[in-house]
Amino acid sequence: MSIATVTDNDLLQEISRRFKEKESSIQEMEFMTKKLLMLNEKNQDSQEVKSQFLSLIKNEFNNPMSSLLNISSLITKKAKDDTTVKLSSMLKEELLKLDFSLKNIFAASEIEAGEIGNDYSVVDVKNIFDELVEYFSFIIKDKSLVLEFINKQDENIVSDSQKLYLILLNLISNACEYSYPDSKITVTFESNEKNFTISVEDSGEGVYEEHTKNIYNRFSHFETGKTRATAGLGLGLSVARGLTEALEGSIDNYVKKGKTVFTIEIKKINEDDMDISTGVGSNEFMFDDSDGMVEF
């Protein structure tokens, strides 16, 4: 159609048509916006329910697990025959494996949900190390491992004791699992003006170079079976990385002179800038048979 033949009426009809199309588009956008707002509200409600459910389940598992671990220890201490001692030791070993898996499952869920706020306190890394030596006493004894703690900076740090505990739980667990029998695992703590560093070194089979970037992914398994008896969940290193990053830190690994080293570097927190308490190890306690509190 030539523009010369277009009448005023044609122009008005075209303008009217376009206004109707625009009005229809606006109505459709308003409908989609309302729908998105409703979905967002439902998602927020779902996240709140998920958070409450996670917290409830965590408490429901952690409390009886702590009691069962304590009871198994008491049975071992008070047992008068070898059979009972052996059975109670086997029970405690299996409970510790289940406890370890549950800790990682809950931590991975909290990281995924973004619910990993930091609870700062004064932390003695050596106390955490001593707890973990006791925690892994079965595999340490079974493989005749030697665990050594080297403190290059004689000071406590301000951090989240629970997160540090779980980070080291996973790193030391891997070191124990992958180490060759009769070998040594060394945990080193040092710091500078800005950061503190904790490294875990073992003499196991190491991490193949092609797997270095993927070992921190969830559910990843790259073991050859030479040193590790069970596959595990594949959550440990992803949890360690998530918790380290929550503390404004980083995690790395390398092989040096036949030794595998995992290192976490975490930003120092100024103790004067916050109201903090004094953390003791993992801050997890259980009741003993004398109605007192004992640290686990």
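A few notes on this one:
- Matching residues, region 100-122, being over 18 Å from the mean Cα position of the chain (by Cα) and among the hydrophobic types (A, V, I, L, M, F, W, C): VAL122
- Residues of region 148-206 that are closer than 15 Å to PHE136 by Cβ, surrounded by fewer than 17 Cβ atoms within 10 Å (Cβ to Cβ) and either among the basic types (Lys, Arg) or within 19 Å of the chain's Cα centre (by Cα) (or both): LYS184 alone.
- Unique match (being among the β-branched types (Val, Ile, Thr) and either modelled with pLDDT under 85 or within 26 Å of LEU171 (Cβ to Cβ) (or both)) among ILE71, ILE111, ILE75: ILE111
- Filter result for TYR254 (part of a loop (DSSP other than H, G, I, E, B) and either touching a Pro at 6+ places or on another chain (Cβ under 7 Å) or modelled with pLDDT of 65 or more (or both)): no
The values are calculated or read from the model by the stated rules, or taken from the named source; none is laboratory data. The structure presented is a predicted model; accordingly, all values stated were derived computationally and were not measured. FYI the Cβ positions are ideal-geometry reconstructions off the backbone, even for glycines, and counts take in every protein chain you see.
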